[in-house]
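I have placed the structure first, in the form of structure tokens, so that the comments after it can refer back to it.
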Amino acid sequence: MVVVLMLTTVPDAATADALADGALAARLAACVSQLGAVRSRYHWEGKVETAEEIQLLFKTSPVRSLELERFIQSHHPYDTPEIVSWQAAAAPKYGQWVIGETQRLFHV
């Protein structure tokens, strides 16, 4: 069973909570793990910068991954947010759970 893992960093806990809650509410992710504080060093506008950030790891289905990426991009406070994703093999029960939790809800 294949799932998609998507990683981003955000500047603070409030942003982390808002992104995680929004993705879960929209069923774009089955689970979001807040991996904790990290210190990022990167090139930006001709200088090497350092920032304290929080990493988030989203677990989603392949069919919802593009929507999740767009959601993160549109709700992220950075101009150029880190959004990286990759497919991973999951245990069958976990993969089925991720797929099931990221299904669109239809109102009848």
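The values are calculated or read from the model by the stated rules, or taken from the named source; none is laboratory data. What you are looking at is a predicted structure, and each value in this text was computed from that prediction instead of being measured. In this analysis, Cβ positions are derived from the backbone assuming ideal geometry, glycine residues included, and neighbour counts consider all displayed protein chains.
Brief remarks on what is shown
- Picking from residues in region 6-40 that are without any contact (Cβ under 8 Å) to a residue 40 or more places away in the chain and acidic (Asp, Glu), the one that is surrounded by the fewest Cβ atoms within 10 Å (Cβ to Cβ) is Asp21.
- Just one of the listed residues (Ser85, Ser40) is more than 14 Å from Thr102 (Cα to Cα), assigned to a strand (DSSP E or B) and within 12 Å of the chain's Cα centre (by Cα), namely Ser85.
- Enumeration of residues in region 43-82 that are in a strand (DSSP E or B) and either touching a helix residue (DSSP H, G or I) at 6+ places or on another chain (Cβ under 8 Å) or among the aliphatic types (A, V, I, L, M) (or both): Val48, Ala51, Ile54, Leu56, Leu57, Phe58, Lys59, Thr60
- Test: residue in region 4-15 that is assigned to a helix (DSSP H, G or I), more than 16 Å from Phe71 (Cα to Cα) and either aliphatic (A, V, I, L, M) or at pLDDT 95 or above (or both): yes
- Filter pass, Ala20 being of a type in the set (A, V, I, L, M), closer than 27 Å to Gly95 by Cβ and touching a Lys or Arg at 6+ places or on another chain (Cβ under 7 Å): no
- Residue among Arg70, Arg64 that alone is closer than 20 Å to Lys93 by Cα and among the basic types (Lys, Arg): Arg64
- Test result for Ala30, closer than 22 Å to Met1 by Cα, of a type in the set (A, V, I, L, M) and in contact with a helix residue (DSSP H, G or I) (Cβ under 9 Å, 6 or more places away or on another chain): yes
- Condition check for Gln34 on (1) closer than 24 Å to Leu105 by Cα; (2) within 10 Å of the chain's Cα centre (by Cα): one failure, at (1).
Condition check ((1) at pLDDT 95 or above; (2) surrounded by 14 or more Cβ atoms within 10 Å (Cβ to Cβ); (3) closer than 13 Å to Leu19 by Cα) across all residues:
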site	(1), (2), (3)
Glu49	yes, no, no
Gln55	yes, yes, yes
Ser61	yes, yes, no
Glu82	yes, yes, no
Trp86	yes, no, no
